[in-house]
Amino acid sequence: MKIGIYGGTFNPIHLGHMAAAKFAAEYLGLDKLYLVPAGIPPHKELEEDEAGHQHRLDMARLAADALELPGVAEAADWELNRKGKSYTWETVEAAHKRFPKDQLYLLMGTDMFRTFQDWRHPERIARRCVLCAFGRNEGDTQASLAPQARYLEEAFSANVATIPLPRIVEISSTRLRRLLKEGEGRAYLDPTVYGYILREGLYGVKKDLTRLSLEDLRCAALSMLAHSRIPHVLGTEETAAKLALRWGADEEEARRAALLHDCTKKETREQQLALCRQYHIEVEKPEKLETKLFHAITGAAVAEHVFGLSPAAVSAIRWHTTGKADMTLLEKIIYLADYIEPTRDFCDLRELRRLAYEDLDRAMLLGFTMAVEDLGARGMVVHPDSVRARDYLKGIMS
Ligand code: ATP
């Protein structure tokens, strides 16, 4: 296997790091790429207001997912768990022990590449890894890297690969931190990483989460999702907006509810229970409640208490999974949008998609009927609220 190691302070990880990582992984044909945030970087001081270990690791995880190299890119906490300064030779030796039969590739930008001979034990690193260098500025051409490559080959018998990045994003974390403090810089960040910074209030970005613009709320919401769920949530947002326009609901309110409807979905059962305790939510027989159903309850609480959504939007999130009898317009819109958004393909949704724009209650009835049948066919317990919702609609239509 070809295993890439890309270390950095990643404070924060930005589009420069990500563009280089993605292209290098594909160019080198890496089977794995580990993004390795440094614990205590040997070559620079971390300033007081900078992000701690866990934050830099969490952001690296979001960035790794956003590279869309499934099964390849991953953030690793290797250096964060080690005491003292994070020396690359130790990381590389440990990786060699972990993957003794695999070829290691150490990725770095030009600034690191040009000073490689000054690192601790460059000879040990060169023995274990192919050194892979890419540009950070437009002036960093392949030709300009060649003399250093030759020097390292001669001095350390290094195996060097220079990587012709097709696109260089000229940014450093230092400049980005300054920009963020001034209310700029988000263009250099993946939306999920920016959303994380917003939620955690890092780098002087101190926004009132209950008054976020729709765009900022979208970033915050995406940062809370498993990456694979992002297309679904964006699809739900767009569908909810269309349904709101069609049925005369508030479009922005529908978008906000849709964006947050799955905001706690990736939490484990234990975390869901902890959220219930935090927000003083009494769940009847929690031990009997399916894990999948918790997120509507906790998601509504987070939407209310963290992001200050309106009571109507909170209620739409609360009932988006099971539904209930006598639902409001926004509750129906979010329930249906979640069901019919374009990425859903688990069953034939053509009729439901048509009805949703033609007759809202008939669409709801069809949705509940299909959901109840589908759950029954799979031998799963149907929540009584869904049955009541279906029977209520049957009653008012008969
Ligand atoms: P700081 O400004 O805090 O020094 P940085 O932006 O240089 O941070 P690091 O986390 O120290 O980021 O860098 C990790 C690695 O990523 C280094 O090998 C560096 O050369 C490389 N790198 C940093 N920024 C870019 C960029 N814009 N394009 C390509 N590589 C980059």
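The values are calculated or read from the model by the stated rules, or taken from the named source; none is laboratory data. The structure displayed is predicted, hence computed values, not measured ones. Here the Cβ is made from the backbone with ideal geometry for all residues, glycine too, and neighbour counts use every protein chain on show. Just so you know, the surface numbers come from the protein's heavy atoms only, side chains and all, with ligands and any DNA or RNA stripped out. Shrake-Rupley method; radii C 1.70, N 1.55, O 1.52, S 1.80 Å.
Please identify every one of the trypsin sites (Lys or Arg not before Pro) in the range 261-305 that sits in a loop by DSSP and has no more than 16 other beta carbons within 10 Å of its own beta carbon. Answer in residue order: Lys266.
When a/c is below 1.5 the answer is rounded, else prolate if a/b is larger than b/c, else oblate, so apply that to the range 99-174 with a ≥ b ≥ c taken from the square roots of the Cα gyration tensor eigenvalues. Can you show the working numbers first?
Details: a/c = 1.76, a/b = 1.55, b/c = 1.14.
Here the range 99-174 falls in the prolate category.
Rolling a 1.4 angstrom probe over the range 168-321 with all protein chains present gives an accessible area of which 50% lies on carbon and sulfur atoms. When the square roots of the Cα gyration tensor eigenvalues are ordered a ≥ b ≥ c, the ratio a/c for the range 308-398 is under 1.5, which makes its shape rounded. When the surface is traced with a 1.4 Å probe over the full set of protein chains, Arg120 keeps roughly 130 Å² accessible.
FRET efficiency for the Arg388 to Glu252 pair, using the beta carbon distance and R₀ = 45 Å, is estimated at 0.90.
Computed as a quarter of the hull surface, the mean projected area of the alpha carbon convex hull for the range 168-239 stands at 5.5 nm².
Solvent-accessible area per residue for the range 2-163 at a 1.4 Å probe radius, Å²? Numbers along the way, then the final one.
On the way: 7360 Å² over 162 residues.
Normalised by residue count, the accessible surface of the range 2-163 is 45 Å².
For the peptides 370-376, 330-336, the ranking by mean Cβ contacts within 10 Å, running from highest to lowest, is 330-336, 370-376.
Would you kindly calculate the mean projected area, averaged across all directions, of the convex hull enclosing the Cα atoms of the range 2-163, in square nanometres?
On the way: hull surface 36.2 nm².
If you wrap the Cα atoms of the range 2-163 in a convex hull and average its projections, you get 9.1 nm².
Candidates Leu273, Leu35, Gly185 compared by Cα position along the dipole of the chain: farthest toward the positive end lies Leu35, with charges placed on Cβ. Principal-axis analysis of the Cα atoms of the chain puts helix 291-305 at an angle of about 80° to the longest axis. With a Cα-only, solvent-free Debye model of the chain, what are the log10 I(q)/I(0) values at q = 0.08, 0.09, 0.14 Å⁻¹? So the normalised log intensities work out to -0.53, -0.65, -1.14. The listed peptides 130-139, 163-172, ordered by packing as a protection proxy, come out as 130-139, 163-172 (highest mean of other Cβ atoms within 10 Å first). Helical runs (DSSP H, four residues minimum) scored at -39500 (n - 2.57) apiece and divided by the length of the chain put the mean residue ellipticity at 222 nm at -16000 deg cm²/dmol. Label point 7 Å out from Glu270 along Cα-to-Cβ: which residues of the range 286-303 have amide N under 20 Å? Answer for the range 286-303: 286-295, 298-299.
Taking Gln278, Gln54, Gln148 in turn, the Gaussian network model of the chain (Cα-Cα springs below 10 Å) assigns the largest fluctuation to Gln278.
Ser228 sits with roughly 100 Å² accessible to a 1.4 Å probe, with DNA, RNA and ligands left out of the calculation. The charge dipole of the chain, taken about its Cα centre with unit charges on the Cβ of Lys, Arg, Asp and Glu (plus for the first two, minus for the last two), comes to roughly 740 debye. Counting Lys and Arg as +1 and Asp and Glu as -1 over every other residue whose Cβ lies under 13 Å from the Cβ of Ala25, the net charge comes to -1.
Roughly what angle does helix 384-397 make with the longest principal axis of the chain, taking Cα atoms, 0 to 90 degrees, to the nearest 10? Computed tilt is about 50 degrees. The packing ranking, built from the mean of other Cβ atoms within 10 Å per residue, places the peptides 74-87, 101-114, 10-23 in the order 10-23, 101-114, 74-87, highest first. With the dipole of the chain worked out from charges on the C-beta (+1 for Lys and Arg, -1 for Asp and Glu) around the Cα centre, which of His320, Pro12, Ile125 lies farthest toward the positive end? Result: Ile125.
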